[in-house]
Amino acid sequence: MEARAAREWLVAGVVGRPHGLDGSFHVARARAQLLQEGARVRVDDGGGDAPSPEHEIVRRAGTDDRPIVRLDGAFGRDAAEALRGRELLVPRTAAPPLEDEEYWAEDLEGAEVRDGDVEVGVVRRLLALPSCEVLEVERAGAPDLLVPLVRDAVRAIDVPAGVIEVDLAFLGEEPA
């Protein structure tokens, strides 16, 4: 598989229900490290060709698990309600650096999953479960496979190549 280009924007969360009357709103599925006061974000406009304008986060309250933000230009509860359900996007260049063996979910989605020469499938998404994060792997002609992001299950992750090496035997699967 040839190297994949990194996505330019990272999802910082999803606009949730309004909070108060000033245009503030809760953020669902938040990545708190990307939602700091003063950060520049875009509100996903549903995939149109023209990029949506950038907004500055002018208020950040709540907790890291349930942040409350307000964007410049969003005045009033109705304005916040109009954004509900849309993704907040942050430029990758503004994201804090990751530690070794940390990955943005966007970088793993769509990656080819292999066990040596055996093609297993393609990562549909990264799921956060109570015990660990898992890769949901879509397989042709077989049920989806959940791969925990632990050393015994995942041998290697090559983000630039878009390839993840797993141990099917550890996962209780027979290599085809």
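The values are calculated or read from the model by the stated rules, or taken from the named source; none is laboratory data. Predicted model, so just to flag it, every value in this text is computed and none were measured. So basically every Cβ, Gly included, is an ideal-geometry build from the backbone, and we count neighbours across all protein chains shown.
Side notes on the structure shown:
- All conditions in (1) over 30 Å from residue 39 (Cβ atoms); (2) of a type outside the set (Lys, Arg); (3) out of contact with any Gly (no Cβ under 6 Å at 6 or more places or on another chain) hold for residue 62, with the sole exception of (1).
- Yes/no for residue 56 being under 14 Å from residue 7 (Cβ atoms) and surrounded by 13 or more Cβ atoms within 10 Å (Cβ to Cβ): no
- Checking residue 150 against (1) closer than 27 Å to residue 14 by Cα; (2) in a loop (DSSP other than H, G, I, E, B), the condition it does not meet: (1)
- Single condition residue 132 does not satisfy, out of (1) closer than 13 Å to residue 118 by Cβ; (2) at pLDDT below 95: (1)
- When residue 97 is tested against (1) in a helix (DSSP H, G or I); (2) free of Cβ contacts under 8 Å to residues at least 12 places away in the same chain, only condition (1) is not met.
- Residue within the range 24-44 that is part of a loop (DSSP other than H, G, I, E, B), over 23 Å from residue 97 (Cα atoms) and under 22 Å from the mean Cα position of the chain (by Cα) present: yes
This table checks each residue for (1) farther than 17 Å from residue 10 by Cα; (2) not assigned by TED's automatic domain parsing to the domain that holds residue 52.
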| site | (1), (2) |
| --- | --- |
| 78 | yes, no |
| 84 | yes, no |
| 111 | no, yes |
| 120 | yes, yes |
| 125 | no, yes |
| 138 | yes, yes |
| 145 | yes, yes |
| 157 | yes, yes |
| 174 | yes, yes |
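- Per the listing 76, 13, 20, 47, the residue uniquely exposed (fewer than 15 other Cβ atoms within 10 Å of the Cβ), closer than 22 Å to residue 108 by Cβ and either out of contact with any strand residue (DSSP E or B) (no Cβ under 6 Å at 6 or more places or on another chain) or at pLDDT 90 or above (or both) is 47.
- Number of the condition not met by residue 95 [criteria: (1) surrounded by 15 or more Cβ atoms within 10 Å (Cβ to Cβ); (2) modelled with pLDDT of 90 or more]: (2)
- Contact annotation: residue pairs with Cβ atoms under 7 Å, 6 or more positions apart or on different chains, pairing a residue in the range 56-85 that is part of a helix (DSSP H, G or I) with a partner that is surrounded by 14 or more Cβ atoms within 10 Å (Cβ to Cβ) and of a type in the set (S, T, N, Q), are 80/24.
- Subset tally (residues that are in contact (Cβ under 8 Å) with a residue 60 or more places away in the chain and surrounded by fewer than 16 Cβ atoms within 10 Å (Cβ to Cβ)) for the range 107-138: 1
- Meets criteria (at negative phi, small (Gly, Ala, Ser) and either surrounded by fewer than 14 Cβ atoms within 10 Å (Cβ to Cβ) or touching a Cys at 6+ places or on another chain (Cβ under 9 Å) (or both)) for residue 153: no
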